[in-house]
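Presented below is the structure to which this report refers.
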Amino acid sequence: MTLLSLENLTVMRRSCPVVDTASLTIDKGEVVGLIGPNGAGKTTLLRAALGLLPFKGISSLARMTPRDRAKAAAWMPQAREIAWPVAVETLVMLGRVPYLSGGQKPGEADHDAVRRAIADMGLTGFEERAATDLSGGEQARVLIARTLAQDCPLILADEPIAGLDPGHQIATLNLFRSIAAQGKSVLVSLHDLGLAARHCTRLILMHQGRIVADGAPAPVLTPDNLHDVFGISAHVQDGPDGMIFQPLEVMR
Amino acid sequence: MTRRIFMPGLVALVLVLFALSLLIGPAGFGLGDSLRALIGGQGDAVTLVMREIRLPRAILAVMVGVSLGLSGAALQGYLRNPLAEPGLIGVSGSAALGAVIALQTGFAALFALALPLAALIGALIAVMLILLLAGPRGGSITLILAGIAISALAGALTSLALNLSPNPFAVSETVFWMLGSLSDRSFVHVWIALPFMAVGWLLLSLTGRGLEALTLGEDAAQAMGIDLRLLRLSVVLGTAASVGAATAVAGAIGFVGLVVPHILRPFVGARPGRLLWASALGGAAMVLAADIAVRLVLPDRDLKLGVLMAIVGAPLFLHLIYKTRRAMA
């Protein structure tokens, strides 16, 4: 079943296309890495797919009512905003907002989802602490936990692991894979190509607003693509548990 | 534990202050006399004072306090800024401008409700201008900028009206009105303010869920199904209706909407939705207390409520800034 389909999605900033006729579909059970250099249009693509920006073309998510969409896809923005010093548990509970109408008290299912999300992100013991007192990486994990608590078939996350330590980066991507194993999917923008190559089931490469490659990691991270899009060379090797990818030099 | 007794505690505080407000005044009746007159009195002087002067005054203090506290909490939650206050979006300034124009042109003297009506019209015009200026998308930055522009314009026009006034008596009357007070109000003021305030309170009370979600920023809130345009409209219209009506009957009273949410935030776990009703009660308690204080501190000099509030509020706010700074270090 398709969880997201975009057809000829185009976003204009003044007269310049920031995302240019992008088409893609996401099925169940995928961890899709959205890669590309700064300014390639990754964030804009994700936001337009959710209907947070005006765009031309078709997005299956943007056609839903806001309430249905909030149950179909969870969104973790790049800006890690936590406005008030609320407790970690309270913040993660915000992921249940789509399921609760105004003034309704969270039920057992909501508490379960929150407990699970907190445990999954290794935040047990942090429940009562003010989220704003945590370190940047810990805050990122709290916000990922909030996204998990929303319990949607699809998660869209904009650079969720930037600023996390290596252990938590790998743990988060492993978690995304186990979510995919449950039949859900994750579309995640990443800058670490090594982690993307190793942990994503599929990569989508963007360059100047266009999708230039879409497929398994090996056929996407070709020397030509790396040179043309990122201007780098890399060492690639097939390891026992997947691809080993190490960027080497700037080629321009 | 402390949170469980917190809201009942606030309710009790408001009730105690309300009772005190009924019992304190220049007429100096005994406790028993006052209560008997209020509940079962038969048109004697004590009954008249209690029912026609002190009761509406105490009720107005509650209404004004609820309006200021509630809209302050809603605006801080919506703008995600602890320095936001109802005055920020220009409603109180514009309501004051409407009142000033009414006082200066003599319109206020035409009929009893002319002054509050003019203030409400001022607030209404301000809201329409702000929503027009802030644009169709639900952003908060444009709202702040529009509010600052409207406030500045209303302030300038108020100064102009005073500057060009041919009548020094009207000037002093205007200046005193702008200081903010609850003395010499009657049930007529209660009835004119109540419908607007009730609408405002209703609109603001519906924003809790959206404000909670906004803790994560506008993008995340919108993706969780919150309609930001509707939220902004509720916050702006709710603030305009309640604070516009409060300014219309009591003049400009600052600091309540700024300080009350700030003081109460730690007691509700910083949750913007819960802060709404806590601030409503806290605002009522603060205005009641201040209105009791103006009668006790200088009983013969008609100390203005707005003046006392600013004198107490500013140092309180400085203290809060100092505490916040220490917490951040």
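What is the number of the single condition among (1) touching a Leu at 6+ places or on another chain (Cβ under 8 Å); (2) away from chain B (no Cβ under 14 Å) that A:A171 does not meet?
Here A:A171 meets the rest and fails (1).
A:V18: assigned to a helix (DSSP H, G or I), more than 10 Å from chain B (Cβ to nearest Cβ) and surrounded by 16 or more Cβ atoms within 10 Å (Cβ to Cβ), yes or no? Walk me through it before giving the result.
Details: assigned to a helix (DSSP H, G or I): no; more than 10 Å from chain B (Cβ to nearest Cβ): yes; surrounded by 16 or more Cβ atoms within 10 Å (Cβ to Cβ): yes.
No: the conditions fail for A:V18.
For the range B:248-260, what are the residues that are part of a helix (DSSP H, G or I) and open to solvent by less than 10 Å² (accessible area, probe 1.4 Å)? I'd like the intermediate steps shown before the answer.
As a first pass, look at the range B:248-260 and keep what is part of a helix (DSSP H, G or I): B:248-250, B:256-260.
Correct list: B:A248, B:V249, B:A250, B:V256, B:G257, B:V259, B:V260.
Of (1) of a type outside the set (D, E); (2) open to solvent by less than 30 Å² (accessible area, probe 1.4 Å); (3) over 23 Å from the mean Cα position of the chain (by Cα), B:L68 satisfies all except one. Which?
Result: B:L68 passes all but (3).
Would you mind finding the one in B:V236, B:V256 that is modelled with pLDDT under 90 and more than 14 Å from every other protein chain (Cβ to nearest Cβ)?
Values: B:V256 fails: modelled with pLDDT under 90.
Unique residue meeting the criteria: B:V236.
Out of the residues in the range A:43-54 that are modelled with pLDDT of 95 or more and within 21 Å of A:S15 (Cβ to Cβ), which is nearest to the other protein chains (Cβ to nearest Cβ)?
Looking at residues that are modelled with pLDDT of 95 or more and within 21 Å of A:S15 (Cβ to Cβ), I get A:R47.
Just checking: which of the helices (runs of 4 or more DSSP H) contained wholly in the range A:64-137 hold 3 or more residues that are closer than 16 Å to A:P153 by Cβ and either within 7 Å of chain B (Cβ to nearest Cβ) or open to solvent by 60 Å² or more (accessible area, probe 1.4 Å) (or both)? Lay out the reasoning, then the answer.
On the way: elements: A:66-72, A:88-93, A:108-120.
Hits in the range A:64-137: A:66-72.
Out of the range B:189-206, which residues are within 14 Å of chain A (Cβ to nearest Cβ) and either touching a Pro at 6+ places or on another chain (Cβ under 9 Å) or of a type in the set (A, V, I, L, M, F, W, C) (or both)? So that I can check it myself, show each step before the final result.
First pass over the range B:189-206, keeping only residues within 14 Å of chain A (Cβ to nearest Cβ): B:202-206.
Listed by number, the residues that qualify are B:L202, B:L203, B:L204, B:L206.
For B:R274, all conditions in the list (1) surrounded by fewer than 22 Cβ atoms within 10 Å (Cβ to Cβ); (2) within 14 Å of another protein chain (Cβ to nearest Cβ); (3) assigned to a helix (DSSP H, G or I) hold save one; what is the number of the exception?
It is condition (1) that B:R274 fails.
Let's see how each residue does on (1) open to solvent by 20 Å² or more (accessible area, probe 1.4 Å); (2) in a strand (DSSP E or B):
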{"site": "A:C152", "(1), (2)": "no, no"}
{"site": "A:P160", "(1), (2)": "no, no"}
{"site": "A:G163", "(1), (2)": "yes, no"}
{"site": "A:I170", "(1), (2)": "yes, no"}
{"site": "A:S178", "(1), (2)": "yes, no"}
{"site": "A:V188", "(1), (2)": "no, yes"}
{"site": "A:H191", "(1), (2)": "yes, no"}
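The values are calculated or read from the model by the stated rules, or taken from the named source; none is laboratory data. Keep in mind that what you see is a predicted model, and the values were worked out from it rather than measured. When we count neighbours, we look across all protein chains shown, and the Cβ atoms used for this are built from the backbone with ideal geometry, even at glycine. For the accessible areas, the whole protein counts, side chains as well, though only heavy atoms, and no ligand, DNA or RNA atoms are used. Shrake-Rupley method; radii C 1.70, N 1.55, O 1.52, S 1.80 Å.
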